[in-house]
Amino acid sequence: MARNQEKAMSLLGRWYTYQKELENPGGPKKRPYLASHCRTLKAAERWRTQIVKEIGKKVSQIQNAGLGEFRIRDLNDEINKLIREKAHWQDRIVELGGPNYHKIGPKMLDHEGKELPGNRGYKYFGAAKDLPGVRELFEEEPPKPPRKTRGDLMKDIDAYYYGYLDDEDGVLCALEEEAERKARALSVEEWKLKKETGEIDKELEEQERQEREEEEERERQRLAARKAEEGGEEEEEQEVSLRRAVSSLEIPSQQDVELELLRKKKMELLLKYASDDLQKSSENAKTLLGRSLNF
């Protein structure tokens, strides 16, 4: 018992107790689970500082790639959890009237000075960036090739594009001759096989029947065209004869028309004012002279 009291009264023990009292003067020794449970600005500042120290410690640990994949993932999860908790304490500090560390606080940057990428706020630190499946998140997509314009495409079009020079090397001609030989031999074999089985005669009969039908159809078309031509000739002859008949008629002149109109007027006046006896005598006179009244 005396030994423990001596230890407590020793210089090192008193200094250690003094440091603990400075870090936590009369406050709770455990950080509250929720930032809203803290009622004083000084305590909130202290808990935020404590979280920042824990984050720095774990970030230093995660730089070691020899910890193993599972330990590195656990450390990265703990760091992200502490970062979210630090954000809650910073919000609580603003509510208690303290400074806004979201604006004035330093950002967590990687070695290139860029903000750490992540998925929905999740960040990767140290060796966690080289984990399988994470490395792809940091790789930038290669730039897309520039789109070719119509002028660029036309630069590559020449005689080879249209196939005009395919026969220059003679390879295509040899291949075509070989294919033609094989096709001819195959056709001869098929013809011999059909001749042995009697299919050639059937095909010849069918071909002859088709040719006869085609010839009959052509003959019917020729007859129909001939009849149509004959009918057209008859109509043309009728039209010519009608024109001749019309042209043979005598067309009266202007003087003949005037004389005929004058004669008709005279006859109308004669019929209107002359008596019956005078008309009869006039008719008798005309009859004797060899003329008749033709109205």
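So how do 273, 162 rank on accessible area, 1.4 Å probe, biggest first, that is with the largest at the start? Spell out each step's value before the answer.
Working: 273 165, 162 135 Å².
From most accessible down to least: 273, 162.
If you count, for each residue, the other Cβ atoms within 10 Å and average over each peptide, how do 58-68, 206-216 line up from highest to lowest? Please report the intermediate quantities before stating the final value.
Numbers: 58-68: 14.4, 206-216: 10.0.
Order by mean packing, descending: 58-68, 206-216.
Just subtract the alpha-carbon distance of residue 209 and residue 78 from 0.36 nm times their residue separation and send over the number in nm, one decimal. Intermediate results must be reported in sequence, preceding the final value.
On the way: separation 131, 0.36 × 131 = 47.16 nm, distance 9.40 nm.
That pair, residue 209 and residue 78, stretches by 37.8 nm at full extension.
Compute, for residue 88, the solvent-accessible surface of its heavy atoms (probe 1.4 Å) with the complete set of protein chains present, and express it in square angstrom to the nearest 10.
110 Å²
Using protein chains only and a probe of 1.4 angstrom, how many square angstrom of residue 154 are accessible, to the nearest 10?
Here the residue's solvent-accessible area equals roughly 110 Å².
Could you list, in their original order, any pairs among 30/103; 182/202; 58/103; 58/123; 86/129; 42/81 whose Cα atoms are separated by more than 19 Å?
On the way: 30/103 28 Å; 182/202 26 Å; 58/103 24 Å; 58/123 14 Å; 86/129 22 Å; 42/81 23 Å.
Correct reply: 30/103; 182/202; 58/103; 86/129; 42/81.
Taking one equal scatterer on every alpha-carbon of the stretch 117-165, how large is log10 of I(q)/I(0) by Debye at q = 0.21 1/Å?
Listed by q, the Debye log ratios stand at -0.83.
Stretch residue 148-residue 69 to full length: gain in nm at 0.36 nm per residue minus the Cα-Cα span? Walk me through the intermediate numbers first.
On the way: separation 79, 0.36 × 79 = 28.44 nm, distance 4.57 nm.
Length gained, residue 148 through residue 69: 23.9 nm.
For residue 164 and residue 238, compute 0.36 nm times the residue count separating them, minus their Cα-Cα distance, and round to one decimal in nm. Walk me through the numbers before you get to the answer.
Working: separation 74, 0.36 × 74 = 26.64 nm, distance 6.29 nm.
Taking 0.36 nm per residue and subtracting the Cα distance, the gain is 20.3 nm.
Using a Förster radius of 41 Å, what is the FRET efficiency between residue 186 and residue 227 based on their Cβ-Cβ separation? Nearest 0.05, please.
On the way: r = 50 Å, r/R0 = 1.21.
E between residue 186 and residue 227, to the nearest 0.05, is 0.25.
At a 1.4 Å probe radius, which order do 38, 173 fall into by accessible area, largest first?
So the residues, ranked largest to smallest area, are 173, 38.
Taking the mean number of other Cβ atoms within 10 Å as a proxy for protection, how do you rank 43-56, 128-141 from highest to lowest?
On the way: 43-56: 17.6, 128-141: 11.1.
Descending packing order for the listed peptides: 43-56, 128-141.
The values are calculated or read from the model by the stated rules, or taken from the named source; none is laboratory data. The structure presented is a predicted model; accordingly, all values stated were derived computationally and were not measured. FYI the Cβ positions are ideal-geometry reconstructions off the backbone, even for glycines, and counts take in every protein chain you see. Quick note on the areas: whole protein, heavy atoms, side chains included, nothing else; ligands and nucleic acids left out. Shrake-Rupley method; radii C 1.70, N 1.55, O 1.52, S 1.80 Å.
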